[in-house]
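What follows is one structure encoded as structure tokens, with my remarks underneath.
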Amino acid sequence: MAEKQTDEQYLYAMRHSLAHIMATAVTTLWPGAKLGVGPVVENGFYYDIDLGETKISEDDFDKIEGEMKRVIDAKQPFERSEKPIDEAIAWAKGAGQPYKEELLNDLKRAGTTVAKDLDTAELGLEAGGDSKVENVSFYTNGDFCDLCRGPHVEHTGLVGAFKLMRVAGAYWRGKETNPQMQRLYGVAFKTPKELRAHLEMLEEAKKRDHRKLGQELDLFTFSDLVGPGLPLWTPRGTVLRNKLNEFVQEMRDEYGYQEVSIPHITKKDLYEKSGHWAKFQEELFKITTREGHEFAMKPMNCPHHTQLYASRQRSYRELPIRYRETTTCYRDEQTGELSGLSRVRSFAQDDAHVFCRNSQVEDEAMKIWDIIDRFYGVCGFELQVRFSTHDPENMNAYSGTEADWLNAEDKLLSLITSKVGDNFLKGVGEAAFYGPKIDFMAKDAIGRVWQVATIQLDFNQPEGFDLNCTNEAGEEERILMVHAAIMGSIERFLSIYIEHSAGKFPIWLAPEQVRLITVNQEAETLEFAGKVIETAKQFGIRVQVDNSNESVGKKIRDAEVWKVPYTLVLGEKEIASGRVTPRVRQDLVVISTHPELQIEDFFKTVRNETKMRVSKTSL
């Protein structure tokens, strides 16, 4: 190719080319196939396909892959060409490709095909009048030609190793009133070795799937009567949520955060002023009152918090003002996009907002960074920083001027480099619409990377809501906002953390810290177990007893299945001596043998381990 590509760019072009090769194979096997879009996604690619009444299943993957390999072996060149927009629309009509025709009409009318940037009333309509674009590009390999911006590899033989993974339903352009297409997914890597490693990771991920473990460990459930995307938390799962949240708020309180509380709905006016209505109105649950007023369930908390700040005149002496709140938010996600706890319609957010002067931003951000480092260190994650900035080629996606953006980004960049030097990722276009972000990327136990915590600098909402303080000279001074999420969505964080830990929660976090196992069901044994439970409660330990009629061996295996950190077997010896020999979950073990302990001494140890939030037993 004309310019030398980075490995990342080459991998992107390779996966994009495989999407075209897959579409080539599908249209060869099913000549009437109508094509939607075929983008690159994490680790691979997909293509949205409409085959009418014909349904693709995994049974078809072998023949599709076989046809793809034939195209690959032919080393067909990817040849770029251009057509005038009207000629391209005529091409789509003649080829019987209505989805491509719709995209081309959007390009002609608005210069983009990104649905959220288009007038929803005009989607799918024929474009008339002057065009926003003159020409559009196509790529051809063999007999297959597709509307495409590129990039691609030089020829079909340069696409590495791939495998088709699954097929799912997807509404055209994500809208439920549109036709449902079939989304065919594949993964691709430069070498067969890398592909094998990825497939092995996916097999391990299946064992750790939070949806599976959530049911097995009785953490959460979903109900058809309540509705999809609305998780219900059991007592055990609620312990997890509460203990994680207590840890975050404990650290925030060290830095002077104050807890606040806001309603779960708001007038439309609040989001119009904040800018969220224009950007996210399709994702809002809307409510019309009996009097005809339009309200919305809150999808975020920052606009509400601005109104707490704005409720009275503020002096510079009061700043920074730090609000914190863990509260439920709501987003009208489409049914096909819901996935376990990863993507839900109702989620709790450990949100916080700092209202401060320009000179205080760095210090406040550093305090948040410290909380993030401590929290994720205790949870066993490695972190890397991503500097998420605006896309200068798409300023319409953001509020504020480019000069404002560059100034805010310079401030965050200075902070990042002072902390980690040049050891950070660049995320052009990953900023929030109101300001740049420092995003924290966590690597889990099987090597997957997730965006978790975030620090966001917001100069737009203070401007929109006219948020000021009175400075030393008695003048009004515009303030700034710093948004801080440690877990962010607790649901999403737990989807990551359950899989990272494989459900083996540390002692401080385990819903059940100690399991008592009785060797028999005699009255003396049950009475002794009751006294042990009372002692555990005195030390704040979460304990349950298994006094079923099963064998001791079966009870021990059950405790292991429930991934309980400590198990105590209670029988005649323990009753006589008042001492126990704890069985320790294997991943917590430091030494292979564990001494007998007085019952109170054991629970004191567990209490101290809980307080210190240790990752291993101290026994």
(message) Suppose each label sits 7 Å from its Cα in the direction of the beta carbon; what would the Thr112-Thr177 distance come out to in nanometres?
(response) 2.2
(request) Could you state the angle between the C-alpha long axis of helix 61-73 and the longest principal axis of the C-alpha atoms of the chain, as a value from 0 to 90 degrees rounded to the nearest 10? (result) 50
(request) Place +1 on the Cβ of every Lys and Arg and -1 on the Cβ of every Asp and Glu in segment 173-279, take the dipole about the Cα centre, and give the residue among Tyr185, Tyr257, His210 whose Cα lies farthest towards its positive end. (result) Tyr185
(message) How many angstrom lie between the Cα centre of segment 566-619 and the Cα centre of segment 13-63?
(response) 56
(request) Report the paramagnetic label zone for Lys207: residues of segment 567-598 whose backbone N is under 20 Å from a point 7 Å from Cα along the Cα-to-Cβ axis. (result) 585-589
(request) Sort the chain into rounded, prolate or oblate with this rule: let a ≥ b ≥ c be the square roots of the eigenvalues of the Cα gyration tensor; rounded if a/c is under 1.5, and if a/c is not under 1.5, prolate when a/b is larger than b/c, oblate otherwise. (result) oblate
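If I stretch the segment between Ser315 and Met395 completely, what's the gain in nm (0.36 nm per residue apart, minus their alpha carbon distance), one decimal? Walk me through the numbers on the way to the answer.
On the way: separation 80, 0.36 × 80 = 28.80 nm, distance 3.40 nm.
Length difference between fully extended and current span is 25.4 nm.
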(request) Work out, step by step, the length gained on full extension between Glu200 and Glu294: first 0.36 nm times the residue separation, then minus their alpha carbon distance; give nm to one decimal. (result) 28.8 nm
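With N denoting the number of residues in segment 481-587, provide Rg(C-alpha) divided by 2.2 N^0.38 Å, to two decimal places.
1.33
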(message) Using the Cα centre of segment 371-463 as origin and beta-carbon charges of +1 (Lys, Arg) and -1 (Asp, Glu), tell me which of Phe381, Ala453, Ile438 is placed farthest towards the positive end of the dipole.
(response) Phe381
(request) Evaluate the distance, in nm, between pseudo-label points positioned 7 Å from the Cα of Ser418 and of Val552 along their respective Cα→Cβ axes. (result) 6.1
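What pairs in Lys243/Lys437; Lys268/Lys443; Lys108/Lys267 have C-alpha atoms more than 29 Å from each other?
Lys268/Lys443; Lys108/Lys267
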(request) Round to the nearest 10 and give me the degree value, 0 to 90, for the angle of helix 402-420's Cα axis relative to the longest principal axis of the chain. (result) 40
(request) Give me the distance in nm between label points sitting 7 Å out from Cα along the Cα-to-Cβ direction at Asn520 and Thr54, one decimal. (result) 7.2
(request) Using the charge dipole of segment 342-436 (Lys, Arg: +1 at Cβ; Asp, Glu: -1 at Cβ; taken about the Cα centre), state which of Ser346, Pro392, Ala408 has its Cα farthest towards the positive end. (result) Ser346
(request) Leaving ligands, DNA and RNA out of it, rank Tyr171, Tyr185 by accessible area with a 1.4 Å probe, largest first. (result) Tyr171, Tyr185
(message) So if each residue of separation counts as 0.36 nm, and I subtract the Cα-Cα distance between Glu126 and Ile533, what length gain in nm does that give?
(response) 139.3 nm
(request) Give, rounded to the nearest 20 debye, the magnitude of the charge dipole that the chain has about its Cα centre when Lys and Arg contribute +1 at Cβ and Asp and Glu contribute -1 at Cβ. (result) 1520
(message) Considering only protein heavy atoms and a probe of 1.4 Å, how much of the accessible area of the chain is carbon and sulfur, as a whole percent?
(response) 47
(request) Could you rank Ile533, Ile265, Ile438 by how accessible they are, 1.4 Å probe, largest area first? (result) Ile265, Ile533, Ile438
(request) Write out the GluC sites (Glu not before Pro) in segment 351-441 meeting two conditions: DSSP loop, and at most 13 other Cβ atoms within 10 Å of their Cβ. (result) Glu393
(request) Report P(r) for segment 1-100: all Cα-Cα distances, bin width 10 Å, range 0 to the bin holding the largest distance, values in whole percent. (result) 13, 39, 36, 11, 0
(message) Between Asp373 and Val226, what's the calculated FRET efficiency when r is the beta-carbon distance and R0 is 45 Å? Round to 0.05.
(response) 0.75
(request) Rounded to the nearest 10 degrees, what's the angle between the helix 192-208 long axis and the longest principal axis of the chain, both from Cα atoms, 0 to 90? (result) 50
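Within 10 Å of each candidate Cβ there may be at most 14 other Cβ atoms; applying that plus a DSSP loop requirement, which GluC sites (Glu not before Pro) in segment 471-557 survive?
Glu472, Glu475, Glu522, Glu550
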(request) Rounding to the nearest 20 debye, state how big the charge dipole of segment 205-274 is about its Cα centre with +1 on each Lys and Arg Cβ and -1 on each Asp and Glu Cβ. (result) 400
(request) Within segment 152-173, find all residues whose amide N lies under 20 Å from a label point positioned 7 Å from the Cα of Ser137 along Cα-to-beta-carbon. (result) 152-159
(message) Taking R0 as 41 Å, what FRET efficiency do you get between Lys163 and Glu272 from their Cβ-Cβ distance, rounded to the nearest 0.05?
(response) 0.30
(request) Please give the peptides 596-603, 298-305 ranked by average Cβ packing (other Cβ atoms within 10 Å per residue), highest first, as a rough proxy for protection. (result) 298-305, 596-603
(request) Provide the solvent-accessible area of Leu158, counting protein heavy atoms only and rolling a 1.4 Å probe, rounded to the nearest 10 Å². (result) 60
(message) Kirkwood hydrodynamic radius, computed over distinct alpha-carbon pairs, for segment 423-482: how many Å, to one decimal?
(response) 14.0
(request) Starting from the Cα gyration tensor of segment 193-317, take the square roots of the eigenvalues, sort them a ≥ b ≥ c, and report rounded, prolate or oblate (rounded when a/c is under 1.5, otherwise prolate if a/b is larger than b/c, else oblate). (result) prolate
(message) Using a Förster radius of 60 Å, what is the FRET efficiency between Lys573 and Arg448 based on their Cβ-Cβ separation? Nearest 0.05, please.
(response) 0.85
(request) State the dimensionless ratio Rg/Rh of segment 388-462 (Rg: radius of gyration of Cα atoms; Rh: Kirkwood radius). (result) 1.00
(message) List residues of segment 303-332, by number, whose backbone nitrogen lies under 14 Å from a label position 7 Å along Cα→C-beta of Asn245.
(response) 324-330
(request) Identify the GluC sites (Glu not before Pro) of segment 1-65 meeting these criteria: DSSP loop state and at most 12 other C-beta atoms within 10 Å of the C-beta. (result) Glu3, Glu42, Glu53
(request) Could you rank the peptides 227-234, 571-578 by their average count of other C-beta atoms within 10 Å per residue, with the highest value first? (result) 227-234, 571-578
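The values are calculated or read from the model by the stated rules, or taken from the named source; none is laboratory data. On a predicted model such as this, the values are computed, not experimentally measured, just so you know. A quick note on method: Cβ atoms are made from the backbone with ideal geometry, for glycine too, and the neighbour counts reach across all protein chains shown. Accessible surface areas use protein heavy atoms only, side chains included; no ligands, DNA or RNA. Shrake-Rupley method; radii C 1.70, N 1.55, O 1.52, S 1.80 Å.
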